[in-house]
Every structure is written in structure tokens, then in C-alpha cells.
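Report on the structure given below.
The values are calculated or read from the model by the stated rules, or taken from the named source; none is laboratory data. Treat the numbers as computed from the prediction; the structure is a model and nothing was measured. Using ideal geometry, Cβ is built from the backbone for each residue, glycine included, and neighbour counts are taken over all protein chains shown.
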Amino acid sequence: MRKRFHFEGRYALLKTFIAWFLLSSLVLRFIFMIWQHDEFSWNVFDVLRTFFTGLFYDIGTASFIAVLPVLYLALLPDRLVGSLFDKVVTVFFTGLTGFILVLTFFAEITFWDEFHKRFDFIAVDYLIYTHEVVGNIKESYPLPILIGGVLLITLALLFLFYRLGAFEATFSSKLNLKQRLGGLAIVVAIVLIFSSLITNEKAEWSANRYNSEISKSGIYSFFAAFRNNQMKYKEFYASVDDKQAFALVRGKLAEGNSQYTSSDFSIHRKITDSLNLPQNKNVVFILVESLSGSFLQEFGNDKHITPFLDSIAQQSVFFENLYATGTRTVRGMEAVTLSIPPTPGQSIVKRPDNHNLFTVSNVFKARNYDCSFFYGGDGYFDNMNSFFGGNGFAIYDRGRGSVLSDDIKTTRNKINDNEVTFENAWGICDEDIFNKMLSVADEKYKSGKPFLNFVMTTSNHRPYTYPSGKIDIPSGKSREGAVKYTDYALRQLFRKAASKPWYSNTVFVIIADHCASSAGKDEIDIANYHIPAFIINSGAANTQKIKTQCSQIDIFPTLFGLFHWNYESDFYGKNVLDPGFEERFFSGTYRKLALVKKNKAMILSDQKVQRFYTWDKNTNSLSPLPMDKGFLNETISFYQSADYLFTNHKLK
């Protein structure tokens, strides 16, 4: 005999389903608390607020889930209640919704494992680029077992509902008009309240980021990110008068060797060098996937996974105190090509109307360089081909076409199968993309034109697979193996390049796009933005270790300084080697924007909130400080002016 559940009537199954969803969300929240037990705040009031805030957002999520079922129950005629049609529709959609939610719970666990946060705009992006993401999942996890397990859990869930009598109560009861409209009104009212009045940011009540993240509902966070992927600066952040902002920024960017070419709302200027050398050295620029500074022995790592990079740190211009602007590859690309602080919302690389901007390619093309972008996967991912192709770079990738779009005046060169020895979901291995770059460099050298070859690597990315037999860590086992393979591939690149006739006249730049992980208990975990950077083969006289605190956006202006070039600039970055350089860096998430100057950090948040901290580098902790109005205005001015320049088409 089936055990009767306390929910009765036509709404019994829906109530039972919602109760299961709320209980499962509670269990998932507890799992995340245990996962981050060493950094989660276990103060009794913080724990209670985490649970009650989470329950509040789970109820909001449940109301969205319940809209269609309540509408169905309200509209189905009494004569069809309990009919074959009713039973088939109800069981099918209950099972389908349960399957999707169980799969989502598992997806939240894997997302937390990678990013230590609830779903955000990264999850939205991953939903768009299904080819790479599904391939990554297939190669990283036992997908048949995972899907089979989700299916079994769903079937067990349906059986549980059956044993509790929820199906029987639903199919044997009818609703009067008051009950139909009442149930619909309650659910619609909750949906309207959450969609119009409750933002996901209201869950961020704690200074401990983990308490705030665990307070959220993953599904609700996903749709909030989907809706707010682009953010207008002045609508969300504290602002000042535009003229005041540009006056402050122009003062900060002014140098003895620069001259502004226009007034007010512009930072365009001419940079002059007393030497103004005519020599045009080739540049190979390598943006390495997820290369945290903490991976290098130079920064205390004892696993010896970057022997080559540690060796060239002694033979290059090595940046010891440089920080990434963001947590995504497109942020790194934005930083190095546009030399601009991170704008809120999506990276400029992914935004509409991002062609014909003033990028580093303009500086190189003014000296008659050929500029090329190399990516081992399909450059459609993250809009990379459109951005680079629309800003003066020829494209080399694994994509399937030769034409980009009508407004992009460049070609797309496919990397052929016979040029590939190993490939995973994200693209060909680092050795293969380096070999492709070398062959193109040979062609450019024969043509007599200097070249800028911009290479984006992929091997240091989950599922961490690479060719077997190259290093002593088996493929697909760990991040450490992927890092060590990337280091190995870089060594092979330099070994091969050294035999080329163009090598002696070529400078190599190696820098990370972002760290492997950026999450921490503070709203911005500053140490997890620390990345290595190297300028190699620029001359023995330039071998040095730079201890100056600086930003990803400074790498190309510093290179141009080493070249002693005159050039025009729309860049926020500056030459780190200039005696007047002021130590600082910019970093952020898609909603948090930070300016750090030595051990002081100002963080701007949406909802026009700002906080000022002192940063203890040894413990990587932030401690609140009284607000510094001057520091605040400087932070606002940099970010507000950067957003103004792009949104008002002043970077064209």
C-alpha cells in the first residue's frame, strides 16, 4: 500500500515537486558550505542568513518553474482531469523537468569545482558555444555514466512521487474556479515580484564572498547573468562629471614624452622617443591560457612544472609584479590589444560594434607590419575571429570557412588536418599551434615584411589533455600536467625558432590571459590576478627583473618603449620602465571593478556601491578602510572614461 503524502488535491504533485526542489537546493547549499569550510563564515548568524537568503531565492526560482504547471492546471477542463491525456502530459513534463533540474544540480557542482561560484555570465557563454563546451564535458567527465545516473535519479524521483500518492491525488481531484485562479495568481505574483523587484545582487549581503555565493540560487543566477551581460556604466556605478573624469585621467596619463592631440573627451596622444629607432623587429606575442603566477618556481611553487619559463625569467625582461585585468581569456585579449581597463559587463572582444578600434595593430601597421592571429580551436568561440579580423589581423584557426563577414577585410586561413598531431575539445595542442605560427613566420620573412604574430594557446584548459610521452605527467590527469606540457611546448618553440633566419631580429612576449582560478572569500581575490610576463630576445642590455607593480595593459607600451618608437596612442597602459611610472593595476569581474595601488584597493560594485580596503599581500586578505575620496574619484574616472570612449565610438 502506498504511503499517503500530506499534500492533497489537484496541486499535490506540484507541491511535492516544489518541496523536493527546495530540499535538494538546501542539500546542495550545504555541500558547498562543507566544500569551502575553511573560508566560509561559520558564525551562527552568517550561517542562518545564508540558509534563509538561499531559501528566499529558491522560492523565487520555484515560482518560475511552477508557472507553466499552474497555468496547465488552471486551463485544463474538468472532464480531462485524470484522463490518459492528463496523465501522459503530467508524467512526461514532471519527468522532463526533474531530469533538467537534476542535471542542473550536477552542472552546478562541476561549475563550482572550476570557478568556485554559482552560475554567472561564464555559464551563459558556455551555453552559447555548445560545440566546445559539450566536447569539453565529454572529454572531462564520463558522460554516459553521468547522463545514465541523472536518468536513474529522475526515475527514482518519479517513483517516490508515486509512492507518496502525489500522482493519485493529482489525477483524482478537481479545482473550482477560485482554486484555479488563486493558485495562478499566487505564482504569477511571486514571479512578478522577483522579476521586477528582486535582483541577484541582493543576495550579496556578506563581505565573505563564499557566504554570498552560497546564498544564491544557481538557476536564478544564470538567468540574472543572461539578462545583465552588458551594463551601462552610469546606470550601475558611481560616476562623476565626464569632463572631470577625463581631466583626471589625462593628468594621470600625461608624460614628458607625450602630447595630447585633442582636448576634453579623448586620451589620444603622440608618444615620442629621443632615439626613435627605425628598426622594426618581428614580434611573436603568446597569450598563454590560465598561466597563474603561482605555477612558477620563481613565485614559490615547488612542483617544478615550469622549468623552461623559470629559466627564461633569468634571461629576459621579467615582470614579477604584474596583474591580469580579468578572469576570462577575452579580458586578457581586451587588455593587451586595447590597453584599456576592464569595462563592466561583457568584454569589448564580445560586444557589437567592436571593429576598426584603435588597437596595438594600428601601431604595428603604421610601420608596415603584417599582423596575424593564431588560435588552435574555432575562432568563432568568444567572438575572437570577429574581433581580431575586424581590427587588422589575418586569422589562422581550425574553423570551417574562409570568409568571416562582409565588413571584415581579412581572410580566414584554416589550419589543415595534416598540420595537427593532437586535438581536444578546445583545439590543437600548443606544439601544433606554435608549429603553424613558425611556418607562417617563415612565409612573412620571405616576403620581406616585419610581422606581429599573436598566438592564443589552449592546452592549459580542462580536460588537460595533450600528446602522450612529452612529459612525465600522464595526459588528462591534472592541471599541473597541462601547465608542464605548455612549458614543454614553449621550450620546443624556442628550440625551433632559434634555427630560423628571422630569429635574431624577433622579440618574443609571453604573458598569461588570466589565472587558473580567481575565486576567494573576498569580493576580489587580488592574489589570484597575479600573472607572469616575459619580453625575450630584446637584447642582453634589457635583461632585468621588474619589481614594479603594473598591469596587463602596460605590456605593449613597455615593449614600444624598449623599441624606442614614436607612435600614436589611445592606450591607458604606460611604459613600466619610464622613471615616472606610477605603480597601480586594474582588475575586475564582470560586475566588480578594482583599482589597486600598492597595498590599497578601491572596488566599485554595481548598485553604485564602493568599498576601500588595505590589501595584505602576505595573507591575501582585504581589510576595510575609511573612504578616500581622492582615490575613489580616480578609480571612477578611469573606469567611467574607458566605458565612455567605447560606448561613444571614440576608440574608432
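Structure summary
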{"quantity": "Leu438 touching a Cys at 6+ places or on another chain (Cβ under 7 Å), assigned by TED's automatic domain parsing to the domain that holds Lys500 and not small (Gly, Ala, Ser)", "calculated": "no"}
{"quantity": "Subset of segment 616-648 that is of a type in the set (D, E, K, R) and in a loop (DSSP other than H, G, I, E, B) - its residue that is nearest to Asp525 (Cα to Cα)", "calculated": "Lys617"}
{"quantity": "Identity of the residue in segment 176-203, in contact (Cβ under 8 Å) with a residue 24 or more places away in the chain and of a type in the set (D, E, K, R), that ends up nearest to Leu73 (Cα to Cα)", "calculated": "Arg180"}
{"quantity": "Condition check for Thr337: crowded, with 24+ Cβ neighbours inside 10 Å and part of a loop (DSSP other than H, G, I, E, B)", "calculated": "no"}
{"quantity": "Positions within segment 456-465 being in a loop (DSSP other than H, G, I, E, B) and crowded, with 20+ Cβ neighbours inside 10 Å, in sequence order", "calculated": "Thr457, Thr458, Ser459, Asn460, His461, Arg462, Tyr464, Thr465"}
{"quantity": "Pairs where the first residue, in segment 8-30, is on the phi > 0 side of the Ramachandran plot and the second is surrounded by fewer than 21 Cβ atoms within 10 Å (Cβ to Cβ) and assigned to a loop (DSSP other than H, G, I, E, B), C-beta under 7 Å, 6+ apart", "calculated": "Gly9/Ser173"}
{"quantity": "Criterion violated by Phe295 - all others in (1) surrounded by 23 or more Cβ atoms within 10 Å (Cβ to Cβ); (2) without any contact (Cβ under 8 Å) to a residue 40 or more places away in the chain; (3) more than 18 Å from the chain's Cα centre (by Cα) satisfied", "calculated": "(2)"}
{"quantity": "Checklist (1) part of a helix (DSSP H, G or I); (2) over 23 Å from Ile312 (Cα atoms); (3) among the hydroxyl-bearing types (Ser, Thr, Tyr) applied to Ser468, failing item", "calculated": "(1)"}
{"quantity": "Residue, modelled with the lowest pLDDT, within segment 590-615, restricted to residues that are outside any strand (DSSP E or B) and surrounded by fewer than 23 Cβ atoms within 10 Å (Cβ to Cβ)", "calculated": "Gln607"}
{"quantity": "Residue identified as within 30 Å of Glu8 (Cβ to Cβ) and basic (Lys, Arg) among Arg250, Arg180", "calculated": "Arg180"}
{"quantity": "Positions within segment 300-325 being touching a strand residue (DSSP E or B) at 6+ places or on another chain (Cβ under 9 Å) and either charged (D, E, K, R) or under 16 Å from His514 (Cα atoms) (or both), in sequence order", "calculated": "Phe319, Glu320, Asn321, Leu322, Tyr323, Ala324, Thr325"}
{"quantity": "Lone qualifier among Asn280, Asn208 - being in contact with a Lys or Arg (Cβ under 8 Å, 6 or more places away or on another chain), under 19 Å from Thr589 (Cα atoms) and of a type outside the set (Val, Ile, Thr)", "calculated": "Asn208"}
{"quantity": "Test: residue in segment 58-79 that is over 25 Å from Ser173 (Cβ atoms) and without any contact (Cβ under 8 Å) to a residue 40 or more places away in the chain", "calculated": "no"}
{"quantity": "Test: Pro579 is at pLDDT below 95 and either assigned to a loop (DSSP other than H, G, I, E, B) or crowded, with 21+ Cβ neighbours inside 10 Å (or both)", "calculated": "yes"}
{"quantity": "Selection status of Gly481, at pLDDT below 95 and under 25 Å from the mean Cα position of the chain (by Cα)", "calculated": "no"}
{"quantity": "Out of Phe194, Phe161, sole residue that is within 22 Å of Arg10 (Cα to Cα), in contact with a Phe, Trp or Tyr (Cβ under 9 Å, 6 or more places away or on another chain) and assigned to a helix (DSSP H, G or I)", "calculated": "Phe161"}
{"quantity": "Listing of helices (runs of 4 or more DSSP H) fully contained in segment 42-149 that carry 2 or more residues being modelled with pLDDT of 95 or more and loosely packed, with under 13 Cβ neighbours inside 10 Å", "calculated": "44-75, 84-115"}
{"quantity": "Subset of segment 150-190 [among the hydrophobic types (A, V, I, L, M, F, W, C) and exposed (fewer than 15 other Cβ atoms within 10 Å of the Cβ)]", "calculated": "Leu151, Leu152, Leu155, Ala156, Phe159, Leu160, Leu177, Leu181, Ala185, Ile186, Ala189"}
{"quantity": "Counted residues, segment 567-605 - those being farther than 20 Å from Lys521 by Cβ and either among the aliphatic types (A, V, I, L, M) or touching a residue at least 12 places away in the same chain (Cβ under 8 Å) (or both)", "calculated": "22"}
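Yes/no matrix, rows are residues, columns are (1) touching a helix residue (DSSP H, G or I) at 6+ places or on another chain (Cβ under 6 Å); (2) under 23 Å from Ser551 (Cα atoms); (3) crowded, with 23+ Cβ neighbours inside 10 Å:
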{"position": "Gly332", "(1), (2), (3)": "no, yes, yes"}
{"position": "Val360", "(1), (2), (3)": "yes, yes, yes"}
{"position": "Lys365", "(1), (2), (3)": "no, no, no"}
{"position": "Phe373", "(1), (2), (3)": "yes, yes, yes"}
{"position": "Thr411", "(1), (2), (3)": "no, no, no"}
{"position": "Ile415", "(1), (2), (3)": "yes, no, no"}
{"position": "Val420", "(1), (2), (3)": "yes, no, no"}
